Amino acid sequence: MFDFLGYYNAILIHQSLIIGLLVISVLIAMQAGLLNLAPVGFMAFGAYTSALLTVEAGVSMTVGALAGALTTGLLALLFAVPVLRLRGIYFAMGSLALGQAIVVIIGAVEFTGGQLGLNAIPMGVPTVLLVVLVVVACAALEMVRRSYVGRGLAAIRLDERTAQGLGVSAYRYRLVAFVISGALAGLSGALDVHSNGTVAPSQFDFGLLVVILTYVLVGGVGHWVGPVLVTAAVIVLREWVGLLGTEVEDIVYGLLLVVTMVLAPQGLSDPAMWRRLKSKLQAKREAKVAAV
């Protein structure tokens, strides 16, 4: 589908779409007021599940990817019971510990290949499939945001006690959001492993989590458009600037983050920021007209 862009650019688009799914998984949890720091661990679990099923059991990539998403969702459900009892920073730290523990355990057992990982994994994820998955995920987020469920999630984010007083079950909403977030992260891992043909624990380090959270915070948690667009733009920018050297890439990337956080603390999808910008531009135009 994207062959006309050239092999290298097509790979960038492929990578952006997979990371975009992982970013959306983080956004899903945030809609329920959860700062979920376990997505990289869930991604690793989904990746290894699909890789082992296709390599050892000989199942198709489709079955492997679906199994990766399903089993990761079940894993999230299993750990949701103790983790969701935590609040605020304690939940964030608990989910971080969970995610890191998953990666450590995967790298410690023999049948996963240990720290060396697995190779010769079946490849061939169509880019058009990734496009469809991202579009469907974004459309589902938008539909939920505009629905009764979305209003319930917004109430939970603003004031959990008030939401419960209005009949909104905060625990149930958060449980569903956490499980769906885990399943989508697992699916992104399965798709990633069948795009690269190899997987190792080192791919799921703390640095990947920092990058994902950066995309979400810079884009803004208020709407999915910002984080998804920032994911695609920054991945492409980093690759192009990276041609000038690692040092230049880090400087440009850091400056971009600092400037964005200073000028748009709530992220680029914050409507208030765009209203302020529009008002300033309009005031300048009116001043120029008055001067004439």
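FYI, it's all coordinate maths here, none of it is from the lab. Small disclaimer: the values here were computed from a predicted structure and weren't measured. All Cβ positions, glycine included, derive from the backbone under ideal geometry; neighbour counts span all protein chains shown.
Which order, highest average first, do 180-189, 30-39 follow once you tally other Cβ atoms within 10 Å for each residue and take the mean per peptide?
Working: 180-189: 29.9, 30-39: 24.5.
The most tightly packed comes first, giving 180-189, 30-39.
Among Tyr215, Tyr90, Tyr173, what is the fewest-to-most ranking by other Cβ atoms within 10 Å?
Numbers: Tyr215 26, Tyr90 11, Tyr173 21.
Arranged by neighbour count, lowest to highest, Tyr215, Tyr90, Tyr173 become Tyr90, Tyr173, Tyr215.
How big is D, in µm² s⁻¹, for the chain by Stokes-Einstein at 37 °C and 0.692 mPa s if Rh is the Kirkwood radius over C-alpha pairs? Spell out each step's value before the answer.
Values: Rh = 20.3 Å.
Reported coefficient: 162 µm²/s.
Any idea how far apart Met261 and Ala97 come out in nm if each label point goes 7 Å out from Cα toward Cβ?
About 2.6 nm separates the two model spin labels.
Using a simple charge model, +1 on the beta-carbon of Lys and Arg, -1 on the beta-carbon of Asp and Glu, nothing else, what dipole does the chain show about its Cα centre, in debye to the nearest 20? Mind dumping the intermediate values first?
Values: 17 positive and 14 negative charges, 317 e Å.
My answer is approximately 1520 debye.
Hey, what did the chain get for relative contact order, percent, Cα under 8 Å, at least 6 apart?
Working: 408 pairs, mean separation 87.6, N = 292.
The normalised contact order for the chain reaches 30 percent.
I'd like to know which of Ala139, Leu237, Ala190 lies farthest towards the positive end of the charge dipole of the chain, counting +1 on Cβ of Lys and Arg and -1 on Cβ of Asp and Glu.
Value computed over the given set: Ala139.
On full extension of the chain, what length is gained from Arg157 through Leu229, given 0.36 nm per residue of separation minus the C-alpha to C-alpha distance?
Values: separation 72, 0.36 × 72 = 25.92 nm, distance 2.36 nm.
Value of the extension gain: 23.6 nm.
Given q = 0.18, 0.31 Å⁻¹, what are the Debye log10 I(q)/I(0) values for region 79-126, with equal point scatterers placed on the Cα positions and solvent ignored?
Listed by q, the Debye log ratios stand at -0.70, -1.06.
Residue by residue through region 215-230, what is 3J(HN,Hα) from phi via Karplus (6.51 cos²θ - 1.76 cosθ + 1.60, θ = phi - 60°)? Round to whole Hz and write x for glycine and proline.
4, 5, 6, 5, x, x, 7, x, 8, 6, 4, x, x, 5, 5, 5
Whose amide H sits under 5 Å from the amide H of Leu268, counting only residues 5 or more places off or on another chain, with H placed in the peptide plane?
Gly219, Gly220
Projecting each Cα onto the charge dipole of the chain (Lys/Arg +1, Asp/Glu -1 at the beta carbon, about the Cα centre), which of Ile89, Gly167, Ala264 comes out farthest on the positive side?
Of Ile89, Gly167, Ala264, it is Gly167.
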